[in-house]
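A.B. asks: Pasting in a structure now, in structure tokens, and then I'll have a few things to ask.
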Amino acid sequence: MSTSKASISSFHPLLVLAVVLALGISSCAADRRPVADYACFRVEPADEGSKDDARWAAYLEGQLVNRAVDDRRAVIGEGGRECLDVVVHVDKSLPCDYRVSRSRSGLTLTARDSGKMLWLVYQFVSSCSPDVVETSDLPPAYVPMGGAEGDFAFEYRGIYTPSNSDPEFMPIMAAHNVDYDWALWGHNIMKLFKDGIPEGAQALVGGRRTDSQLCFSSPELYAAVEAYVADYGGAEGGETARFAIMPADNKDVCLCPECLKAGNTAASATPAVSKMLRRLAEEFPRCEFFTSSYHTTAEPPQAKMPANVGVLVSAIGVPMRALLDTRPQAKRFAELVKRWKKVVSKVYVWDYMRNYDDYFTPYPCLALVQERLRMFRSLGVSGVFYNGSSPYYASFDDVQTAAIAAMLVDPDIDVAAYADSCFARYYPVTAPLLAPAYRSWERTVVDRARPLPFYGTIQDAVHAWLDPEAYEAFCDSLDRRAKRAAPAERSRLNRLLTASWLTRLELLRPGRLATKADTAAARRYVEGLAGYSAFPDMGHYRETGGPTDKYIGKWEKEIY
């Protein structure tokens, strides 16, 4: 039936307006479909004359082409309704670190600098459909592609885990690793003396020189550090770098005449260490120098330090436990951070994410880590370093590393949901079993509000979350399902299942081998754990004295 002009004009004006609005809303909704609904993209720089914009537009386009699942189907198009327009822009004047803008014409990715743009590009790529673009190697995205903006919660986001050990992958997660982004890290200052610590650089403790601690008033020590900083590029015009200047990991303090003159006491090396830090900071203004708030340098110096001096405050005394705001240790930590902030320009926190007595038993800490990160942010902390198990395997390290990297950018993400998405990405066949089990353990830890110790026994785990019978059933079910997994997932599961045998052996410890059935079970568990030899990263199951083969040997003496 044809429609004449007369018949159109006979419609009521309000009805015509309603139809137009409905069509507009429908069109807008169609144009703002999720990124995963698109199979084709047109990528352009925001400013054709900008080298940064052009470079990152080309990089994103290259990633989409290289990751295309079906070579027969083009992922780069010329535009149109079924093709999402993506505009890339590096804007140094952006008032936030990143912004995702969505309009009827497409999507714009804007970042303040190239480092954040690389991360944002992969947030976009990871949001694409896995049927169109290969994303299985990427952590799930957590920035909404429908529109978002924000600042990174911390400038330094260190994670020392096996899952954050690839230097090409770290920028994708916006995560740092101390092996790559510190010129001198931790207690490694002693390593500057390749032929042993000269007597003049040794601490005077109990009236005797000892090479287990350093004298921070020593000309020999200063000369060694000075030469190292200069060689690294710390001289004028060289690279900016971070250097950790801290005593050895013990409670010895040098009490030589010069250190006493600086203000050292038997319990505090802060005065001499701070004096050396000030001298280095003034000589090398382009570099950043950090000391530690730990053991003999726990207390801050009395005078304000140069602007390029910071501190790493250890959170070892803050229990990994729910209801953090009610814990007296957390309140003392907060006061310590506030006192350090008065004298240094940057406070980083050295925090912990493992049971260092047992890497193989799960450590469901994500909800607790989120609570800690929110506290650190509220205190104005500039950076956080999470000490994991690197280079050794820890159960669920892949999921936990991705989740902690996300929380270091945004501590307010829904971490339980994000962990679920990690399981779905990394364990597509077994995620229906793994994700609910892991979520229940996290929930139990929070509900019971009992500590997850940094150094603890299997009974501590049982106290906090672990149900022995349920865990045994979980492992058996996982083993059955794992047989259906593809090679990449199977590789992850083989490590996880191998580690589970140690947990089951540990659960036998309280009653030891009370029955023949216990002995038979122990033999089966030991045989399962012996599979660790296929995985070089499973050679140690704990931080100190933890070769896995010696652990197995002790059990074999009892059961054979």
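The values are calculated or read from the model by the stated rules, or taken from the named source; none is laboratory data. Bear in mind that the values here come from a model prediction, so they are computed numbers and not experimental data. Cβ: placed from backbone, ideal geometry, glycine included. Neighbour counts: every protein chain shown. For the accessible areas, the whole protein counts, side chains as well, though only heavy atoms, and no ligand, DNA or RNA atoms are used. Shrake-Rupley method; radii C 1.70, N 1.55, O 1.52, S 1.80 Å.
A.B. asks: Relative contact order, percent, of the stretch 475-537 when contacts are C-alpha pairs under 8 Å separated by at least 6 residues? Spell out each step's value before the answer.
C.D. replies: Working: 32 pairs, mean separation 22.9, N = 63.
With pairs under 8 Å counted, the relative contact order is 36 percent.
A.B. asks: Provide the descending list of Cα extents for the stretch 455-560 along its principal axes, expressed in whole angstroms.
C.D. replies: Taking max minus min along each principal axis of the Cα atoms, the stretch 455-560 gives 39, 30, 29 Å.
A.B. asks: Ok, one more. Using just the helices of the chain, give the 222 nm mean residue ellipticity in deg cm²/dmol: DSSP H runs with n ≥ 4 each add -39,500 (n - 2.57), and the total is spread over all residues, rounded to 500.
C.D. replies: -13000 deg cm²/dmol
A.B. asks: List the lysines whose alpha-carbon lies under 26 Å from that of K554, not counting same-chain residues fewer than 8 positions away?
C.D. replies: In chain and number order, the partners are K516.
A.B. asks: Can you list the aspartates and glutamates whose alpha carbon is less than 15 Å from that of K51, not counting same-chain residues fewer than 8 positions off?
C.D. replies: Leaving aside aspartates and glutamates fewer than 8 places away in the same chain, those within reach of K51 are D91, D113.
A.B. asks: Using only Cα atoms and rounding to the nearest 10 degrees, what angle (0 to 90) does helix 415-426 make with the longest principal axis of the chain?
C.D. replies: 80
A.B. asks: Taking every DSSP beta bridge with both residues inside the chain, roughly what % is antiparallel (nearest 5)? Walk me through the numbers on the way to the answer.
C.D. replies: On the way: 15 of 51 bridges.
Rounded to the nearest five, the antiparallel share is 30 percent.
A.B. asks: HN-Hα J couplings of the stretch 539-552 from phi, Karplus 6.51/-1.76/1.60, θ = phi - 60°, integer Hz, Gly and Pro as x?
C.D. replies: Karplus values, whole Hz, x for Gly and Pro: x, 10, 10, 8, 6, 10, x, x, x, 5, 5, 5, 4, 4.
A.B. asks: Here is a further query. How high is the relative contact order of the chain? Use alpha-carbon pairs under 8 Å, at least six apart in sequence, and give a whole percent.
C.D. replies: It comes to 10 percent, rounded to a whole number.
A.B. asks: Another question, if that's okay. Positive end of the charge dipole of the stretch 153-281 (Lys, Arg +1 and Asp, Glu -1 on Cβ, about the Cα centre): tell me which of A248, N164, W185 has its Cα farthest that way.
C.D. replies: Farthest along the dipole direction, towards plus: A248.
A.B. asks: Over the Cα atoms of the stretch 278-350, what radius of gyration and what Dmax do you get, in Å?
C.D. replies: Here Rg and the maximum Cα pair distance are 13.6, 45 Å.
A.B. asks: Can you send over the solvent-accessible area of Y532, 1.4 Å probe, protein chains only, in Å² to the nearest 10?
C.D. replies: Ignoring ligands and nucleic acids, Y532 comes out at about 40 Å².
A.B. asks: Additional query: How are the Cα pair distances of the chain distributed, in percent, across 20 Å bins from 0?
C.D. replies: 18, 44, 30, 6, 2, 0
A.B. asks: Hey, another quick one. Against the longest alpha carbon principal axis of the chain, how many degrees, from 0 to 90 and to the nearest 10, is the axis of helix 468-482 turned?
C.D. replies: Helix 468-482 sits roughly 50 degrees off the main axis of the chain.
A.B. asks: Further question on the same structure: Might you report the magnitude of the Cβ-based charge dipole of the stretch 220-350 about its Cα centre, with Lys and Arg at +1 and Asp and Glu at -1, to the nearest 20 debye?
C.D. replies: Dipole size: approximately 840 debye.
A.B. asks: Roughly how many debye, to the nearest 20, is the charge dipole of the chain about its Cα centre, given +1 on each Lys and Arg Cβ, -1 on each Asp and Glu Cβ, and no other charges?
C.D. replies: So the magnitude is around 1360 debye.
A.B. asks: Let me ask something else. What ranking, highest mean first, results for peptides 403-411, 432-440, 46-54 when packing means the other Cβ atoms within 10 Å averaged over each residue?
C.D. replies: Per-residue mean Cβ counts within 10 Å order the peptides as 403-411, 432-440, 46-54.
A.B. asks: Quick one: give the max-minus-min coordinate of the C-alpha atoms of the stretch 81-218 along each principal axis, largest first, in Å.
C.D. replies: Sorted largest first, the three principal extents are 80, 34, 21 Å.
A.B. asks: Which order do Y455, Y228, Y348 take when ranked by solvent-accessible area (1.4 Å probe, heavy atoms of all protein chains), largest first?
C.D. replies: Y455, Y228, Y348
A.B. asks: F333 accessible area, nearest 10 Å², 1.4 Å probe?
C.D. replies: 10
A.B. asks: Please give the peptides 95-105, 63-73, 174-184 ranked by average Cβ packing (other Cβ atoms within 10 Å per residue), highest first, as a rough proxy for protection.
C.D. replies: In descending order of packing, they fall as 174-184, 95-105, 63-73.
A.B. asks: Here's something else I'd like to know. On a 0 to 90 degree scale, rounded to 10, what angle separates helix 219-229 from the longest Cα axis of the chain?
C.D. replies: 20
A.B. asks: So, one more: Taking the Cα centre of each part, how many Å lie between the stretch 327-360 and the stretch 400-437?
C.D. replies: 25
A.B. asks: Determine the distance separating the Cα centre of the stretch 28-81 from the Cα centre of the stretch 89-166; give it in Å without decimals.
C.D. replies: If you average the Cα positions of each part, the centres end up 15 Å apart.
A.B. asks: Step through the table entries K251/K275; K116/K346; K251/K304; K92/K338, compare each Cα-Cα distance with 28 Å, and write down the pairs that go over it.
C.D. replies: As for pairs spanning more than 28 Å Cα to Cα, those are K92/K338.
A.B. asks: For H176, what residues show an amide H to amide H distance below 5 Å, using hydrogens built from the backbone and excluding near sequence neighbours?
C.D. replies: So H176 has HN proximity to R157, G158, I159.
A.B. asks: Here's something else I'd like to know. How large a share of the accessible area of the stretch 38-170, in percent, is made up of carbon and sulfur atoms when the probe is 1.4 Å and the other protein chains stay in place?
C.D. replies: 46
A.B. asks: Let me ask another. Would you kindly derive the ³J(HN,Hα) couplings of the stretch 360-370 from the backbone phi angles with the Karplus curve 6.51 cos²θ - 1.76 cosθ + 1.60 (θ = phi - 60°), listing them in order in whole Hz, with x for Gly and Pro?
C.D. replies: With the stated coefficients, the stretch 360-370 comes to 7, 6, x, 10, x, 10, 4, 5, 6, 4, 4 Hz.
A.B. asks: Under 8 Å for C-alpha pairs, at least 6 residues apart: give me the relative contact order for the stretch 68-217, rounded to a whole percent. Intermediate results must be reported in sequence, preceding the final value.
C.D. replies: Working: 186 pairs, mean separation 24.3, N = 150.
Contact order relative to length: 16 percent.
A.B. asks: Here's another thing I want to ask about it. Among L64, Y232, L277, whose Cα sits farthest toward the positive end of the charge dipole of the chain (+1 at Cβ of Lys/Arg, -1 at Cβ of Asp/Glu, about the Cα centre)?
C.D. replies: L277
A.B. asks: Considering the dipole of the chain built from charges on the beta carbon (Lys and Arg +1, Asp and Glu -1) around the Cα centre, which of Q213, P547, L323 is farthest to its positive end?
C.D. replies: L323
A.B. asks: Can I ask one more? Please give the solvent-accessible surface of K304 in Å², to the nearest 10, using a probe radius of 1.4 Å with every protein chain present.
C.D. replies: 130
A.B. asks: So what are the ³J(HN,Hα) numbers for the stretch 524-534, from phi and the Karplus equation (6.51, -1.76, 1.60; θ = phi - 60°), rounded to whole Hz, Gly and Pro as x?
C.D. replies: 5, 5, 4, 4, x, 5, 4, x, 4, 4, 7
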